[in-house]
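Q: Supplied in structure tokens, the structure appears directly below.
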Amino acid sequence: MSFDPENLRIGVIGLGYVGLPLAVEFGRVYPTVGFDINEARVSELVAGKDSTLEASAEELAAATELSYTSDPQDLAACNFYVVTVPTPIGDGNRPLLTPLRDASRTIGAVLKQGDIVVYESTVYPGATEEYCVPILEKVSGLKLNEGFFVGYSPERINPGDKEHRLPSILKVTSGSTPEVADYVDDVYRSIITAGTHKASSIKVAEAAKVIENTQRDVNIALVNELAMIFERVGIDTEEVLEAAGTKWNFLPFRPGLVGGHCIGIDPYYLTYKAQQLGYNPEMILAGRRINDNMSEYVAQRIIKLMLANGQQPLTARVLVLGLAFKENCPDVRNTKVVDIVSELKSYGTSVDVHDPWVSAEDARAVCGMSLQEQPEKGSYDVVVLAVAHQQFRDMGADGIKSYGKDGAVIYDVKYLLPPDASSGRL
């Protein structure tokens, strides 16, 4: 099997934060069909707009070989399929593979002799061959490595990051046979300027992806735990980390909220597989527990600061700046800011949320809350800086504090303000 760019027809299944940038890059070079079950999403892309803000109108227009559809039959002419659907968790933090199942069924219905299916969605090691392949075989009637082939190339998209874009991030690739691995690698290398790393097997590539975010999760959990210890000691965590950071091999992690669709989710795919094999991954799960409880810790710290300041939670007004799971991004999936708001409200506190990046529709549909478009200056007893959006950075300490009344509590989750400009920080 040799790479033949002239006959390559690509289908990208799932046009979210991962799939759209990939489809756009492929669509600059090869005939590409971008498929999504969300008709509204397809319509906005056809109109040259991307609500995720990952692709500009100019970038969409430059993908002259890219078309969009919600009709599975439009994928029938493709011979190289890439699955980029979300892989969330369900009850008990167990992998929820429904989107992966549905995407595999969609492809299986149009799969032809010699086609290749590459999965990019984060999964546990073994999922592609143990879970996805049987679905493809059943629906298509073809057999793996006889009628069709598969590969795995983990996504490394960083939403909101305009510096590290798809072409400039090294890509891990793999395939179900050595020849297919070479072919998959060639396809990706044709659009990835940073180059590729060909793994020896699909399981290795799957494992590499899931530990990238697991490693970050555990490291953030460590500094989150340190922050809770140092708060009790009565010293500033940032000062401690800056001092420790003068050693050449100290890792520059900072405490914070761990939400979104990657770091807060991916470790559960690995722990699920480990537990299936009879091993209890204690460190990974301990890190997950710490990070999942940080929102509650932050809210309780704010309540304590309010009481120390003579403010009663039942009569106080709180403004939370930021709802997205990370800065300069409209994505609110699994945002931990929601948990801060919920915990504060459990004390009877009135809470408004303002986020210039998040749409009112997403805030209602995903988070079940309304946004305050223009918070009134000087009207809040507490201001919580929860997300480091550029707009909030540009406001500076005086701008942030202007939302509060005289003597308001200012709590800085993201270390954006100088130490003397806030009442407390994580």
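The values are calculated or read from the model by the stated rules, or taken from the named source; none is laboratory data. From a predicted model like this one, the values you see are computed outputs, not experimental measurements. No Cβ is skipped: glycine too gets one built from the backbone with ideal geometry, and neighbour counts run over all protein chains shown. Each accessible area value is taken on the protein alone, full model and side chains, heavy atoms only, with ligands, DNA and RNA left out. Shrake-Rupley method; radii C 1.70, N 1.55, O 1.52, S 1.80 Å.
Q: Given the residues 307, 344, which is the only one that is surrounded by fewer than 21 Cβ atoms within 10 Å (Cβ to Cβ), over 20 Å from the mean Cα position of the chain (by Cα) and hydrophobic (A, V, I, L, M, F, W, C)? Show your work before the answer.
A: On the way: 344 fails: surrounded by fewer than 21 Cβ atoms within 10 Å (Cβ to Cβ).
After ruling out the rest, the residue left standing is 307.
Q: Another one. Being among the polar types (S, T, N, Q) and open to solvent by less than 30 Å² (accessible area, probe 1.4 Å) is the filter; apply it to the range 158-175 and report the residue that is nearest to residue 332 (Cα to Cα). Spell out how you get there, then give the answer.
A: Going residue by residue through the range 158-175, those that are among the polar types (S, T, N, Q) are 158, 168, 173-174.
From what's left, open to solvent by less than 30 Å² (accessible area, probe 1.4 Å): 173-174.
On the way: 173: 29, 174: 31 Å.
This residue is 173.
Q: Kindly provide the set of residues from the range 14-58 that are open to solvent by 50 Å² or more (accessible area, probe 1.4 Å) and either in a helix (DSSP H, G or I) or in contact with a helix residue (DSSP H, G or I) (Cβ under 9 Å, 6 or more places away or on another chain) (or both), ordered by number.
A: First, pick out the residues of the range 14-58 that are open to solvent by 50 Å² or more (accessible area, probe 1.4 Å): 28-29, 37-40, 43, 46-47, 49, 51, 53, 57-58.
Matches in the range 14-58: 28, 29, 37, 39, 40, 43, 46, 49, 51, 57, 58.
Q: Say we look at the range 146-157 and pick out the residues that are open to solvent by less than 60 Å² (accessible area, probe 1.4 Å) and part of a loop (DSSP other than H, G, I, E, B); which of these is nearest to residue 21 (Cα to Cα)? Step through it out loud before you land on a result.
A: Here is the first cut: in the range 146-157, the ones open to solvent by less than 60 Å² (accessible area, probe 1.4 Å) are 147-155, 157.
If we keep only those that are part of a loop (DSSP other than H, G, I, E, B) too, we end up with 147, 153-155, 157.
Numbers: 147: 29, 153: 15, 154: 14, 155: 11, 157: 9 Å.
Taking the candidates together, the pick is 157.
Q: If residue 98 passes every condition in (1) open to solvent by 40 Å² or more (accessible area, probe 1.4 Å); (2) within 22 Å of the chain's Cα centre (by Cα); (3) farther than 24 Å from residue 210 by Cα but one, which one does it miss?
A: In the conditions (1) open to solvent by 40 Å² or more (accessible area, probe 1.4 Å); (2) within 22 Å of the chain's Cα centre (by Cα); (3) farther than 24 Å from residue 210 by Cα, residue 98 misses (3) alone.
Q: Could I ask something else about it? Sort out which residues of the range 386-408 are free of Cβ contacts under 8 Å to residues at least 40 places away in the same chain, in a strand (DSSP E or B) and either of a type in the set (Ser, Thr, Tyr) or in contact with a strand residue (DSSP E or B) (Cβ under 7 Å, 6 or more places away or on another chain) (or both), and write them in order of number. Lay out the reasoning, then the answer.
A: Initially, the range 386-408 is screened for residues free of Cβ contacts under 8 Å to residues at least 40 places away in the same chain, giving 391, 393-399, 401-402, 405-406, 408.
From what's left, in a strand (DSSP E or B): 405-406, 408.
If the condition is that a residue be free of Cβ contacts under 8 Å to residues at least 40 places away in the same chain, in a strand (DSSP E or B) and either of a type in the set (Ser, Thr, Tyr) or in contact with a strand residue (DSSP E or B) (Cβ under 7 Å, 6 or more places away or on another chain) (or both), then 405, 408 are the ones that fit.
Q: Kindly provide the set of residues from the range 376-426 that are in contact with a helix residue (DSSP H, G or I) (Cβ under 6 Å, 6 or more places away or on another chain), open to solvent by 10 Å² or more (accessible area, probe 1.4 Å) and among the hydroxyl-bearing types (Ser, Thr, Tyr), ordered by number.
A: Within the range 376-426, 415, 423 meet the criteria.
Q: Of the residues 291, 249, only one is more than 17 Å from residue 412 (Cα to Cα) and touching a helix residue (DSSP H, G or I) at 6+ places or on another chain (Cβ under 6 Å); which?
A: Working: 249 fails: touching a helix residue (DSSP H, G or I) at 6+ places or on another chain (Cβ under 6 Å).
Result: 291 is the single residue among 291, 249 that is more than 17 Å from residue 412 (Cα to Cα) and touching a helix residue (DSSP H, G or I) at 6+ places or on another chain (Cβ under 6 Å).
Q: Hey, among the residues in the range 225-247 that are touching a residue at least 40 places away in the same chain (Cβ under 8 Å) and touching a Phe, Trp or Tyr at 6+ places or on another chain (Cβ under 8 Å), which one's surrounded by the most Cβ atoms within 10 Å (Cβ to Cβ)?
A: 237
Q: Under 7 Å between Cβ atoms, at least 6 apart or on separate chains: pull out the pairs that start in the range 6-30 with a residue that is closer than 20 Å to residue 58 by Cα and of a type in the set (Lys, Arg) and end on any residue that is open to solvent by less than 20 Å² (accessible area, probe 1.4 Å) and not in a loop (DSSP other than H, G, I, E, B).
A: none
Q: When you go through (1) buried (at least 23 other Cβ atoms within 10 Å of the Cβ); (2) in a helix (DSSP H, G or I); (3) in contact with a Ser or Thr (Cβ under 7 Å, 6 or more places away or on another chain) one by one for residue 118, which number turns out not to apply?
A: All conditions are met except number (2).
Q: From the list 194, 274, pick out the single residue that is part of a helix (DSSP H, G or I) and either surrounded by 19 or more Cβ atoms within 10 Å (Cβ to Cβ) or at pLDDT 95 or above (or both). It would help to see each step written out before you state the result.
A: Values: 194 fails: part of a helix (DSSP H, G or I).
That would be 274, the only listed residue that is part of a helix (DSSP H, G or I) and either surrounded by 19 or more Cβ atoms within 10 Å (Cβ to Cβ) or at pLDDT 95 or above (or both).
Q: Check residue 282 against each of (1) farther than 16 Å from residue 384 by Cβ; (2) in contact (Cβ under 8 Å) with a residue 24 or more places away in the chain; (3) of a type in the set (D, E, K, R) and name the one condition it does not meet.
A: (2)
Q: Next up: If the requirement is being modelled with pLDDT of 95 or more and either exposed (fewer than 14 other Cβ atoms within 10 Å of the Cβ) or touching an Asp or Glu at 6+ places or on another chain (Cβ under 7 Å) (or both), which of these qualifies: 202, 220? So that I can check it myself, show each step before the final result.
A: Details: 220 fails: either exposed (fewer than 14 other Cβ atoms within 10 Å of the Cβ) or touching an Asp or Glu at 6+ places or on another chain (Cβ under 7 Å) (or both).
Going through 202, 220 in turn, just one is modelled with pLDDT of 95 or more and either exposed (fewer than 14 other Cβ atoms within 10 Å of the Cβ) or touching an Asp or Glu at 6+ places or on another chain (Cβ under 7 Å) (or both): 202.
Q: Of the residues 273, 203, 209, 198, which is charged (D, E, K, R), farther than 19 Å from residue 131 by Cβ and touching a helix residue (DSSP H, G or I) at 6+ places or on another chain (Cβ under 9 Å)?
A: Details: 273 fails: farther than 19 Å from residue 131 by Cβ; 203 fails: farther than 19 Å from residue 131 by Cβ; 209 fails: farther than 19 Å from residue 131 by Cβ.
Exactly one residue qualifies, and that residue is 198.
Q: With respect to the numbered conditions (1) modelled with pLDDT of 95 or more; (2) touching a His at 6+ places or on another chain (Cβ under 9 Å), which one is the sole condition not fulfilled by residue 156?
A: Of the numbered conditions (1) modelled with pLDDT of 95 or more; (2) touching a His at 6+ places or on another chain (Cβ under 9 Å), the odd one out for residue 156 is (1).
Q: Would you pick out the residues in the range 347-375 that are loosely packed, with under 14 Cβ neighbours inside 10 Å, in contact with a strand residue (DSSP E or B) (Cβ under 9 Å, 6 or more places away or on another chain) and of a type in the set (Asp, Glu)?
A: Residue satisfying the conditions is 373 alone.
Q: Right, here's the next one. Take residue 207 and tell me if it is of a type in the set (A, V, I, L, M, F, W, C), open to solvent by less than 40 Å² (accessible area, probe 1.4 Å) and out of contact with any Phe, Trp or Tyr (no Cβ under 6 Å at 6 or more places or on another chain). It would help to see each step written out before you state the result.
A: Details: of a type in the set (A, V, I, L, M, F, W, C): yes; open to solvent by less than 40 Å² (accessible area, probe 1.4 Å): yes; out of contact with any Phe, Trp or Tyr (no Cβ under 6 Å at 6 or more places or on another chain): yes.
Spelling it out, residue 207 is indeed of a type in the set (A, V, I, L, M, F, W, C), open to solvent by less than 40 Å² (accessible area, probe 1.4 Å) and out of contact with any Phe, Trp or Tyr (no Cβ under 6 Å at 6 or more places or on another chain).
Q: Okay, next question. Which of (1) open to solvent by 10 Å² or more (accessible area, probe 1.4 Å); (2) over 21 Å from the mean Cα position of the chain (by Cα) does residue 136 not meet, given it meets every other one?
A: Residue 136 satisfies all of (1) open to solvent by 10 Å² or more (accessible area, probe 1.4 Å); (2) over 21 Å from the mean Cα position of the chain (by Cα) except (1).
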